[in-house]
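The values are calculated or read from the model by the stated rules, or taken from the named source; none is laboratory data. The shown structure was predicted, so the numbers you read here are calculated from the model rather than taken from an experiment. Using ideal geometry, Cβ is built from the backbone for each residue, glycine included, and neighbour counts are taken over all protein chains shown. Areas reflect the complete protein model, heavy atoms only, side chains present, ligands, DNA and RNA absent. Shrake-Rupley method; radii C 1.70, N 1.55, O 1.52, S 1.80 Å.
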Amino acid sequence: MKGAEVFLLVLVPLLVVVERSECVRCFASFDLTTGECSAELGEVELDDCCQNSQYGYQEEDGSCHSCGVPTWSPWSPWSFCNVLCGEGVKQRRRKCHGLGEPECENSKDTLQTDVCNGTCCNDLGWSSWNPWTPCSVSCEGKGTRMRQRVCSSPPECQSSCVGPAEETQPCEASNKCPVHGGWSSWTAWSGCSGSCIDDSNTNVPSRVRQRTCSNPAPSPDTVPHGDPCSGEASERQDCSELPNCPVDGNWGPWLQPGPCSVTCGEGLQLESRRCENPSPKYGGKMCEGSSTRSTVCKSPCPVDGFWTGWSNWGECSSTCISPSRDTFRTRHRSCSNPAPSINPPGKRCEGDDSEKTNCNLPHCSVNGNWGPWSAFSQCPVTCGVGLQVSERSCDSPAPNHGGLPCPGESKKNKLCYTQVHCPVNGEWSEWSAWSDCTYAWGGRDIRCLHTGGKQTRNRTCLHQAHNGAICAEGKLTETQVCYNVDKCYLKGSWEGWEPWSFCIPPCGPRSSRRRFRICKPDYSEYSPYIGRQKAPANFHGKPKADCPLIDGEKKYEIEKCLNVPPCS
């Protein structure tokens, strides 16, 4: 029953605390060392958050608190000595964390102060200033420049570096800024250098347009000079759309007489000659005179079509390559050089009257777009509150070729509530002080006698709740054999000094420390073992040990702690 009573006593204060139900920011982790919360879950009621003793919560003032049972944080590292040179103090702290308003054991023991000596008597502090940086403006204006210095002291001496680590000052640049050249607009295209394309000449007539580096012109009188325009000041383009130049015909030699030399047009039956030296082309004149010396035979001749030259390539159908459609440019020609005759019908030109070619352009940028949200994950905890997650991917489409990423978040969360309190495992309390050493078989007084007795000490299993594990690997009670030597007169001998205590109180001008000379009682007349089991003997109480003092010796020493910070 005693064990059950202990657990009931522990549960009552926990239940009372959780009854309050304010809205707090809940976190899945609390660090006892730093006192910081992490892995935020969201805003919930305090009693829901603290169904898990491993969680932490943050109140409106921004302070983090533990949902667990009252527990001391580890002692912080010792601070550096609070004086650079000479005698000062160093301090360390700890804090009690726990649900509600916890009281850890020895709840006022939050600060410890010990003496130290500053080791920075010869510290040099700051290094020399580095050179000034260039002025933030290089021409025509006011700016700033900066210089820095480094505190080369070791960490414990950093406070010897007083003053700023960085300095700035105004600066001015009076020189004129360079003006970089820019192109004017292109002039209109000039006329073509010829009216037709000559088969006998490889040079095709062309046209030109020009621009000048005058918008603005680069500055010649600044340091540095302005940059000239990049690129060409003129462009040349072939006039490929012009017709071919006409070629006049010329007679060839007379042929042997024979049948009518042609099936159409004018021909001779007896003797003929052909207009093929050269033949007329592109609208050139036919040979003058007769092609025969005999009877003329006439019939109209069909005229076959012939292509003109290709036009210039047109503009690309877009300014970049799109993933959904092709990007191309076209050029054209017409069957008009000459056009085919209608009656009798001439042959049409063979081939296509237009051509397409792909443009060598950069790819169009593709902005990212979110895919659908996934279903929320299952609640990840079986007690307390947890966080369910839904995710989406930036893949509909994914950003490409410099496109913008998807705006917004790739994850969203929602809280899930189990309405089940997490188990709280039991923790052993500190051992109580040993009881008085008493006679094991009744009320007999054994103080200052060589008669053995016994004494006990106890501890309790604290905080176990909600089906948490009970304290393991230990006993509620311990017993040992002893001699009661409290206030008994014994001879003794000096054995040096105890270590110095911490400074008490740990803050304020009245702080001091002390140490006692160790007077070791002489227990040689007592048997080192007690009882039939020969258990090792323990000595209970504080005897009046008599250690002789030589003139001038003291039993204890007190020193004032110097430069102790005031109590906050």
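Listed values, structure above:
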item	result
Distance between segment 156-198 and segment 428-454 - C-alpha centres, whole angstrom	93 Å
By accessible area with a 1.4 Å probe, ligands and nucleic acids excluded, highest first: order of Leu270, Leu361, Leu490, Leu124	Leu124, Leu270, Leu361, Leu490
Dipole magnitude (debye, nearest 20) for segment 23-114, charges at Cβ of Lys, Arg, Asp, Glu	580 debye
Area of Glu525 that stays accessible when all protein chains are in place (1.4 Å probe, Å², to 10)	150 Å²
Solvent-accessible area of Arg25 with every protein chain in place, 1.4 Å probe, in Å² to the nearest 10	90 Å²
Dipole of the chain, positive end: most advanced residue of Tyr55, Ser429, Ser393 [Cβ charges, Cα centre]	Ser429
Where N is the number of residues in segment 23-114, Cα Rg divided by 2.2 N^0.38 Å	1.31
Nearest-20 debye value, the chain charge dipole, Cβ charges on Lys, Arg, Asp, Glu	1020 debye
C-alpha center-to-center spacing [segment 243-308, segment 494-512] in angstrom	134 Å
Two-site label geometry, Asn277 and Asn117: point separation in nm, points 7 Å out along Cα→Cβ	12.8 nm
Net charge contributed by nearby residues that have their C-beta within less than 13 Å of Ala188 (K/R +1, D/E -1)	+2
Overall Cα dimensions of the chain, principal axis frame, Å, largest first	174, 67, 46
Centre separation in Å (Cα based) which lies between segment 528-568 and segment 322-360	115 Å
Accessible area expressed per residue, segment 176-314, with surrounding protein chains retained (probe 1.4 Å, Å²)	65 Å²
Per residue accessible area of segment 23-114, 1.4 Å probe, in Å²	51 Å²
Whole-number percent relative contact order across segment 23-114, with pairs defined as alpha carbons under 8 Å at least 6 apart	23 percent
Above-threshold pairs, the threshold being 22 Å between Cα atoms, out of Lys95/Lys560; Lys108/Lys454; Lys108/Lys555; Lys90/Lys554; Lys108/Lys542; Lys520/Lys544	Lys95/Lys560; Lys108/Lys454; Lys108/Lys555; Lys90/Lys554; Lys108/Lys542
Heavy atoms of Phe328: accessible area, 1.4 Å probe, square angstrom to 10	60 Å²
Relative contact order %, the chain, counting alpha carbon pairs below 8 Å whose residues are six or more apart	9 percent
Rounded if a/c under 1.5, otherwise prolate or oblate - segment 64-130, Cα gyration tensor axes	oblate
Angle between the chain longest axis and helix 2-18 axis [Cα atoms, degrees, rounded to 10]	50 degrees
